There are 4 protein chains.
Amino acid sequence: MARNKQVLVIGDSADYPERNAIAYTMGRFIAANGWVLVSGGRGGVMQAASRGASEGGGIALAILPSDSMDEANPFAAIIIPTGIGFARNYINVLAADVVVAIGGGTGTLCEIAYAWQAGKPIIACSMSGGWAEELAGRTLDYRRDDAIISAATIEEAQEQLAAILKTE
Amino acid sequence: MARNKQVLVIGDSADYPERNAIAYTMGRFIAANGWVLVSGGRGGVMQAASRGASEGGGIALAILPSDSMDEANPFAAIIIPTGIGFARNYINVLAADVVVAIGGGTGTLCEIAYAWQAGKPIIACSMSGGWAEELAGRTLDYRRDDAIISAATIEEAQEQLAAILKTE
Amino acid sequence: MARNKQVLVIGDSADYPERNAIAYTMGRFIAANGWVLVSGGRGGVMQAASRGASEGGGIALAILPSDSMDEANPFAAIIIPTGIGFARNYINVLAADVVVAIGGGTGTLCEIAYAWQAGKPIIACSMSGGWAEELAGRTLDYRRDDAIISAATIEEAQEQLAAILKTE
Amino acid sequence: MARNKQVLVIGDSADYPERNAIAYTMGRFIAANGWVLVSGGRGGVMQAASRGASEGGGIALAILPSDSMDEANPFAAIIIPTGIGFARNYINVLAADVVVAIGGGTGTLCEIAYAWQAGKPIIACSMSGGWAEELAGRTLDYRRDDAIISAATIEEAQEQLAAILKTE
């Protein structure tokens, strides 16, 4: 049985309206393609992407730091309360076929570093501020020859995502 | 949005045909009720329950020890490769609304202990051998006043599961 | 450089005076032999063993569930606040050359199950009540041919520990 | 009982002679002050710092990704094989009173991000290359008002470390 691909969307847990708008659109796009939306399950970008996936008829999976399902945002269809604190960042990344970064502080930075080490394709929205913007287009260390994919618009991020997941 | 309840089925990773048959039937029952089947994602009871859920039209979620999606059995629809080894037993349990134990060695014993501490309802199949049979009906320590629910038949396990999830 | 052997002492976090007395004596014995005392770093048996090691001039290492060093008992010389909740049980066991079980509820049961799977020698004090007493002398599943070593007195536990660590 | 302070040294697992030399000197300095050297327990900067601590008469604690003590470098006096893969980066940071960064790729980047979120003081050697040099002096996100402390020489790093640990 072919499983559906899983796309991790990472970014700020605080609310930045422009970043949330990008996340929402990406969540809908992910759902429309039949992929599973994976996120850290909390607020901000995570909630907006989950809402997009949910309203688009898809599945939003929430991988939480805490040991309680109550920590999840209301759009999560399936909840994994890991109970392992921010060590769960590592799991978020391993659960991804592709990672999409929107804005983001040090939580996002941590997940980008993990994604790099795990060999996951990373698409960073270069118009979204935060660590996603700062690292878009960069090679992070000697482990890989490629670079973080830089997407300057939502459309470009969607094209990159589709290119990766439809050709795998 | 109301999420669907999540049922963790635990038991042997090795193949015991009678235990696998119970797991398969439980997986189908879980899917038929619209619940999500959660398992450790590997062989034996985990695979049989996942197959039951999948063939019943439901979602089988696999929470793996390894860091690779390739470790999952072929019936997993959504895969979480935790990368944290058997520390993932803790996450399996936290992701459960109810735990159903079928047979089982020390991996299952570990998860029953975690489930007890996390306050999760536990249904143990007393006809299935292993640690599930040994602990069915027992109170494990001072932390709880109740006991592990003992189910002597598949029908009884299904009734107990339905009773818990439909009255919550 | 030869590192010193590491002995994990597991048991109740609540205070049972007789169990704590065993733990204290074992902690002193571990220190007197130059071994490192590893524990979960909290109260009860963990604190008593740590106190024994500390007062015996040894090193008590505390591996905590929480993300704060403040959770450790006052006898811990080195503190590892894992931040991963009770998933840290897995780490406790992996950090052990030998495991000694005294009394214990489901936390101890969980660690015994992990120790069995990790192939660690386990000495259970059969006079100490709890899961240590219940499982002393037993073979837990098909993974191993040996049994949990049963020690009926403190002296016997010390002899068994010395026999394992001095012949490795 | 007053425990000794714990200093985490992070940096490349690959060998860069200049970075290793800094790490070795820092390890000796940490030992000379009676602090515990914490590291990820592997090669490169981790091994050099552990060797410095060991040869300086101190304790080198190794917190490993793998489940086997054999992964540790030969200078580790106490070994914690976490078995949780690179999720152990989170534990490294929580086990630190202060973090010292020397060179470093994405593993180091991940740990700096965790250290920032955990509120730990971070000293980055600005003459050591890698992510330590790139982030020295920077504020990483809105969570903190301070910056990563930039040390341009080994002496400066030692002064900063002493200033933090002797005034706490």
So, in segment B:116-154, exactly how many residues are away from chain C (no Cβ under 12 Å), among the hydroxyl-bearing types (Ser, Thr, Tyr) and either in a loop (DSSP other than H, G, I, E, B) or free of Cβ contacts under 8 Å to residues at least 24 places away in the same chain (or both)? 3
Selection status of C:ILE91, in contact with a Pro (Cβ under 9 Å, 6 or more places away or on another chain), under 26 Å from D:GLY85 (Cα atoms) and at the interface with another protein chain (Cβ under 7 Å from one of its Cβ atoms): yes
The conditions are (1) more than 8 Å from chain B (Cβ to nearest Cβ); (2) part of a helix (DSSP H, G or I); (3) touching a residue at least 24 places away in the same chain (Cβ under 8 Å), and C:ASP70 fails exactly one of them. Which is it? (3)
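Among the residues in segment C:126-136, are any over 23 Å from C:ASN20 (Cβ atoms), surrounded by 18 or more Cβ atoms within 10 Å (Cβ to Cβ) and among the acidic types (Asp, Glu)?
No, segment C:126-136 contains no residue that is over 23 Å from C:ASN20 (Cβ atoms), surrounded by 18 or more Cβ atoms within 10 Å (Cβ to Cβ) and among the acidic types (Asp, Glu).
Determine which member of the set C:GLU55, C:GLU111 is touching a strand residue (DSSP E or B) at 6+ places or on another chain (Cβ under 6 Å) and acidic (Asp, Glu). Spell out the reasoning first.
Values: C:GLU55 fails: touching a strand residue (DSSP E or B) at 6+ places or on another chain (Cβ under 6 Å).
One residue alone meets the criteria, C:GLU111.
Within segment A:51-63, is there a residue that is closer than 30 Å to D:SER13 by Cβ and buried (at least 24 other Cβ atoms within 10 Å of the Cβ)?
Let us first name the residues in segment A:51-63 that are closer than 30 Å to D:SER13 by Cβ, namely A:63.
Okay, now just the ones that are also buried (at least 24 other Cβ atoms within 10 Å of the Cβ), so A:63.
So far as segment A:51-63 goes, yes, one or more of its residues are closer than 30 Å to D:SER13 by Cβ and buried (at least 24 other Cβ atoms within 10 Å of the Cβ).
Please verify whether A:ILE112 is within 14 Å of chain D (Cβ to nearest Cβ) and free of Cβ contacts under 8 Å to residues at least 40 places away in the same chain, treating the condition exactly as stated. Spell out how you get there, then give the answer.
Numbers: within 14 Å of chain D (Cβ to nearest Cβ): yes; free of Cβ contacts under 8 Å to residues at least 40 places away in the same chain: no.
No: the conditions fail for A:ILE112.
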Return yes or no: is D:VAL93 part of a helix (DSSP H, G or I) and touching a Lys or Arg at 6+ places or on another chain (Cβ under 7 Å)? yes
Residue ID - surrounded by the most Cβ atoms within 10 Å (Cβ to Cβ), chosen from residues in segment A:1-39 that are touching a strand residue (DSSP E or B) at 6+ places or on another chain (Cβ under 6 Å) and assigned to a loop (DSSP other than H, G, I, E, B): A:TRP35
Given the options B:GLY52, B:GLY83, B:GLY104, B:GLY57, name the one that is at pLDDT 95 or above, within 15 Å of the chain's Cα centre (by Cα) and part of a loop (DSSP other than H, G, I, E, B). B:GLY104
Given the conditions (1) within 13 Å of chain A (Cβ to nearest Cβ); (2) in contact with an Asp or Glu (Cβ under 8 Å, 6 or more places away or on another chain), and given that D:LEU64 satisfies all but one, which numbered condition is not satisfied? (1)
Restricting to segment A:133-168, give me the number of residues that are among the acidic types (Asp, Glu), under 26 Å from D:ASP141 (Cβ atoms) and within 17 Å of the chain's Cα centre (by Cα). 3
Against the condition among the aromatic types (Phe, Trp, Tyr) and either on the phi > 0 side of the Ramachandran plot or in contact with a strand residue (DSSP E or B) (Cβ under 7 Å, 6 or more places away or on another chain) (or both), how does B:PHE75 come out, does it pass? yes
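The values are calculated or read from the model by the stated rules, or taken from the named source; none is laboratory data. Please read these numbers as outputs of a predicted model, since none were measured by experiment. FYI the Cβ positions are ideal-geometry reconstructions off the backbone, even for glycines, and counts take in every protein chain you see.
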